1. Using 0.36 nm per residue of separation minus the Cα-Cα distance, give me the extension gain between Ala119 and Arg35 in nm, one decimal.
2. At 222 nm, what helix-only mean residue ellipticity would the chain give, in deg cm²/dmol to the nearest 500, using -39500 (n - 2.57) for each DSSP H run of four or more?
3. For the peptides 102-115, 203-216, what is the packing order when you average, over each peptide's residues, the other Cβ atoms within 10 Å and list the highest mean first?
4. Once Rh for segment 50-165 is found with the Kirkwood sum over Cα pairs, what is the Stokes-Einstein diffusion coefficient at 4 °C and 1.567 mPa s, in µm²/s?
5. Just to check I understand the Karplus step: with θ = phi - 60° and J = 6.51 cos²θ - 1.76 cosθ + 1.60, what whole-Hz values come out for segment 57-63, glycine and proline as x?
6. When only Cα pairs under 8 Å and 6 or more residues apart are kept, what is the percent relative contact order across segment 91-225?
7. In angstroms, what radius of gyration and Dmax does the chain have, counting Cα atoms only?
8. Could you give the dipole magnitude of the chain about its Cα centre, charging the beta-carbon of Lys and Arg +1 and that of Asp and Glu -1, in debye to the nearest 20?
Amino acid sequence: MHTYAMGAYHPQLVHFAIALVFAGVGFRLLSLWGRAGFAGPAATTLILVGTIASFAAVQSGTAAHAPVERIPGVRPAVVDHEAWGERARNTFVIVSLVELAALGLTWRRHPLARPVSLAAAAIGAAGLVVMYQAADRGGKLVYSYAGGIGMRAGDAEGVNRLFVAGAYSQAMQDMRNGQNDDAMTLINLAAARFPANFDLQLLAAEWTTDLLGDPAAALRRLDALSIPQNDTGARIRAGLARASALASQGNADGARAVLQTLQGEFPDSTPVKRRLEEMGAATPAK
């Protein structure tokens, strides 16, 4: 397997390694009670397989790190994660050796079997701490730095989704900071780049009313949308956006008409009922 391509399988290999060693150490602790004869051999087997998986995980991580660390500002986090991953692998090599010794001594009923088993449990528990540190840093690479996006061959759509998610998250942060113009600029940029993204186009229309205070432009954007007729949520959301734009223009009757039409089509829609109540035009219950 090409080393770069192997980087795309890093998440799967890592999760196998983590699950196996955690289960293995758990069985080792169970074996110390002396009431489950299978626990000791199971612990050794799981930890050995998990250690082998950790070698594959480290190799795949090494294959993945080059493209990820090219993202501006990410390299220190990549290096830190890689270092902890190697520490975890090396720690479980030691745990595996002690486990093999414990298993052999147990089979021979040697007096040192229990002390070595205790040592295996202690070192294994320490190994889990190291493994957790590596996993925590890997999680930060994914959730805080978006590392690995586009790693798989042909995953251009993943990069596109990252762009939209990044623009939206930054726009929301700008809104919280009172920078509405900057937020709208980002959403308009994303909407212009991905005109086929219905949710993005609808969001841009909503914000044109709410942030820019330009309901006429918002209505033009809504008129240009092809609303999926089989998507109830999209139809309700688009209708609410139209009602808001009309209300912002001072056309309260038009807004009520849109909302009442929506209520007729979707009588159980809570957002529609709430918006009608806000306008003082809720349909009386029959």
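Every number in this text was worked out from the coordinates using simple rules, so none of it is lab data. Source: prediction; values computed, not measured. Please note: Cβ atoms are built from the backbone with ideal geometry, for glycine as well, and neighbour counts cover all protein chains shown.
1. Details: separation 84, 0.36 × 84 = 30.24 nm, distance 1.88 nm.
Computed gain between Ala119 and Arg35 is 28.4 nm.
2. Calculated at 222 nm, the ellipticity per residue is -26000 deg cm²/dmol.
3. Working: 102-115: 14.6, 203-216: 19.3.
For the peptides 102-115, 203-216, the packing ranking is 203-216, 102-115.
4. On the way: Rh = 16.1 Å.
Translational D for this selection: 80 µm²/s.
5. 5, 5, 5, 5, x, 5, 5
6. Details: 94 pairs, mean separation 16.2, N = 135.
Value for segment 91-225: 12 percent.
7. 28.7, 90
8. My answer is approximately 1140 debye.
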